[in-house]
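I have placed the structure first, in the form of structure tokens, so that the comments after it can refer back to it.
The values are calculated or read from the model by the stated rules, or taken from the named source; none is laboratory data. As the structure is a computational prediction, the values presented were derived from the model and not from experiment. Cβ placement follows ideal geometry from the backbone for every residue including glycine, while neighbour counts extend to all protein chains displayed.
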Amino acid sequence: MAEQKKKIGIGALISYGMGDLYGGGSFLIISTLFMYFLTDVVGLSPFLAGLVVMVGKAWDAISDPLMGLISDRTRSRFGRRRVYFLASIVPVFISFWMLWITLRFPSQLATFVYYLFSYILFCTVYTIVMVPYSSLPTEMSGDYRERARLSGARMLFSQLSALLAGTIPGFLVKNLYKDNPSQGFFLVGLIFGLLYALPWIIVFLGTWEEDIPTARVNKNSGQQSAGLLQSFKDLRSLLACRSFRLHIGMYLLGYTALDILSASFVYFVTYYIGRGSIYTLCLGSMLIFQLLSLPLHITISNRIGKGRSYAIGAGIVFLVSLIFVTLSPESPTLLILISSALLGLGLSPVVAMPWAMLPESSDADELTNHIERAGSVAGVFTLCRKLVQALTLWIFGLLLQGIGYAAGATQQSAGAIQGIRYIFVFGPLAFVALGTILAILYPITPKTFALMRKTLEASRAGQTFHCDEADEKRLLKITGKH
């Protein structure tokens with residue numbers, strides 16, 4: 001293994017972490033407000049609004065794995081990952097801003113086509129920059145704790161961005177421009193488009209890529225086709241790794257629960273609770289506690305493992321969801337805010353740990369399949385994130401249509417209001433329960449990671465790592481292969 005040339009200092013942590021201002025905030029705004037924007041401001045039917053997101057993800061089935069493959073094989077004087085940070089600065093701004101411009105064409109179909117195009121553009125730009133970004137820690141350091149610090153810095157900026165994304169847009173739309181929400185959303189696109197674009201200059205200047213040892217490169221890569229078929233072959237072989245299967249399962253289940261909560265929160269507070277003006281306070285309380293509790297969850301993960309930290313958070317989310325069952329339009333505002341804050345306490349590791357575990361999954365994949373492809377691993381994760389959100393928002397749109405929700409109406413029927421309550425409260429419960437089970441089974445802890453790294457380093461050097469029977473069983477739980 002090549003000797004690490006640079007140390008992860010505070011400057012590198014800040015520089016790397018700033019990249020997830022984009023990743024942590026943009027999808028939160030989309031998951032909490034995009035459906036509401038399309039139905040209540042633009043006037044699209046709930047079915048077409050959900051279809052915007054769903055159809056846009058068909059392109060991601062190609063672009064995400066393919067971008068991982070392209071990133072792995074890119075060669076430039078700026079490296080194979082960081083070059084995309086520079087190239088994407090202007091597109092990041094334009095593609096996000098276009099989502100929030102209110103255009104009402106004479107037909108629903110024409111309106112649908114515009115927002116579908118805008119959403120596909122946003123997803124493409126997001127893929128181009130975030131897939132290389134997610135794979136960068138694997139190459140900046142091979143140390144468990146340094147990778148944890150990089151992931152922690154990323155999650156800190158991600159949740160700081162989520163706090164901004166969860167409060168400022170809601171304040172602009174629900175309070176400052178409540179009589180002209182189109183103007184509020186226009187400013188959301190402008191302000192946050194700049195916030196997400198400009199930090200990539202700092203990320204590029206403050207990070208690096210170490211030289212990749214020859215043994216880590218797939219020996220057959222020169223004979224493979226850099227096309228879609230190879231991307232899906234990579235995806236299939238990734239699933240041969242037991243740790244990766246458990247990891248991606250936790251990720252899908254946790255983020256499905258998160259997307260249900262995020263998409264229905266504004267409807268729940270506005271129509272069921274009947275106090276739309278406190279939406280920003282509720283979401284802000286959740287996000288503040290999500291951010292403040294992150295250092296605690298990182299400490300827990302460093303001691304007992306990231307999977308265990310995730311399990312603790314998922315359990316909290318499950319219990320708090322039961323508290324929301326008891327809330328009603330007569331509930332005190334303080335109780336609603338406390339419940340929202342406790343929800344943030346549980347969501348913190350559910351949101352943070354799957355991404356913090358990504359470098360370990362890349363190592364586990366290399367140990368299982370004998371191929372270094374951190375970019376492909378990150379590509380699959382970005383793909384899954386988008387697909388989960390697309391399916392969730394599409395189904396959410398169908399459910400709104402099914403319960404009789406009237407797009408753009410100031411008053412909803414009693415059946416629609418109760419339907420919104422059931423979606424918000426009961427939708428996430430099954431997903432977080434299953435995610436907790438997978439997190440308990442996840443085998444990579446600080447102790448087993450050290451064993452995995454020793455075995456991997458021996459493999460890269462063309463040697464055999466000799467271990468006792470107990471360690472062989474631990475390695476089997478990580479890889480799923482003898």
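Only residues that are in contact (Cβ under 8 Å) with a residue 40 or more places away in the chain, crowded, with 17+ Cβ neighbours inside 10 Å, over 21 Å from the mean Cα position of the chain (by Cα) and not in a loop (DSSP other than H, G, I, E, B) were counted across region 322-345, and they come to 2.
If the condition is being surrounded by 23 or more Cβ atoms within 10 Å (Cβ to Cβ), in contact with a Phe, Trp or Tyr (Cβ under 8 Å, 6 or more places away or on another chain) and either more than 20 Å from Tyr196 (Cβ to Cβ) or not aliphatic (A, V, I, L, M) (or both), then region 159-178 contributes Ser161, Pro169, Gly170. In region 366-386 there is no residue that is more than 30 Å from Ser71 (Cα to Cα), part of a helix (DSSP H, G or I) and of a type in the set (Lys, Arg). Any idea which of Gly462, Gly408, Gly404 is under 30 Å from Leu121 (Cα atoms), of a type outside the set (A, V, I, L, M) and at pLDDT below 90? On inspection, the qualifying residue turns out to be Gly408. Exactly one residue out of Lys473, Lys481 is of a type in the set (D, E, K, R), at pLDDT below 80, within 25 Å of Ser243 (Cβ to Cβ) and surrounded by fewer than 19 Cβ atoms within 10 Å (Cβ to Cβ): that is Lys481.
Only residues that are surrounded by fewer than 16 Cβ atoms within 10 Å (Cβ to Cβ) and not small (Gly, Ala, Ser) were counted across region 103-132, and they come to 8.
Taking (1) modelled with pLDDT of 90 or more; (2) touching a Pro at 6+ places or on another chain (Cβ under 7 Å) in turn, Val380 satisfies each apart from (1).
Which count do you get for residues in region 287-304 that are basic (Lys, Arg) and either modelled with pLDDT of 90 or more or buried (at least 20 other Cβ atoms within 10 Å of the Cβ) (or both)?
Of region 287-304, the ones basic (Lys, Arg) are 303.
This time we only want the ones that are either modelled with pLDDT of 90 or more or buried (at least 20 other Cβ atoms within 10 Å of the Cβ) (or both), so: none.
Qualifying residue count, region 287-304: 0.
Within region 348-369, the set of residues being crowded, with 24+ Cβ neighbours inside 10 Å and more than 20 Å from the chain's Cα centre (by Cα) comprises Asp363, Ala364, Asp365. Checking each residue in region 83-102 for being part of a helix (DSSP H, G or I), surrounded by fewer than 20 Cβ atoms within 10 Å (Cβ to Cβ) and not hydrophobic (A, V, I, L, M, F, W, C) picks out only Pro91.
For region 64-82, a residue qualifies if it is in a helix (DSSP H, G or I), within 22 Å of the chain's Cα centre (by Cα) and of a type outside the set (Ser, Thr, Tyr), and the qualifying residues are Asp64, Pro65, Leu66, Met67, Gly68, Leu69, Ile70, Asp72. Looking at Gly419, is it among the small types (Gly, Ala, Ser) and assigned to a helix (DSSP H, G or I)? Spelling it out, Gly419 is indeed among the small types (Gly, Ala, Ser) and assigned to a helix (DSSP H, G or I).
This table checks each residue for (1) among the polar types (S, T, N, Q); (2) within 30 Å of Gln463 (Cβ to Cβ); (3) touching a residue at least 40 places away in the same chain (Cβ under 8 Å).
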site	(1), (2), (3)
Gly11	no, no, yes
Ser15	yes, no, yes
Met18	no, no, yes
Tyr22	no, no, yes
Phe34	no, no, yes
Lys57	no, no, yes
Arg75	no, yes, no
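Scanning region 398-445 for residues that are free of Cβ contacts under 8 Å to residues at least 12 places away in the same chain and either acidic (Asp, Glu) or farther than 23 Å from Leu322 by Cβ (or both) yields Ala406, Ala409, Thr410, Gln411, Ser413, Ala414. Checked against (1) farther than 20 Å from Phe117 by Cβ; (2) at pLDDT below 90, Met54 passes all but condition (1).
Apart from one condition, Tyr16 fits all of (1) touching a helix residue (DSSP H, G or I) at 6+ places or on another chain (Cβ under 6 Å); (2) under 30 Å from Leu400 (Cα atoms); the exception is (2).
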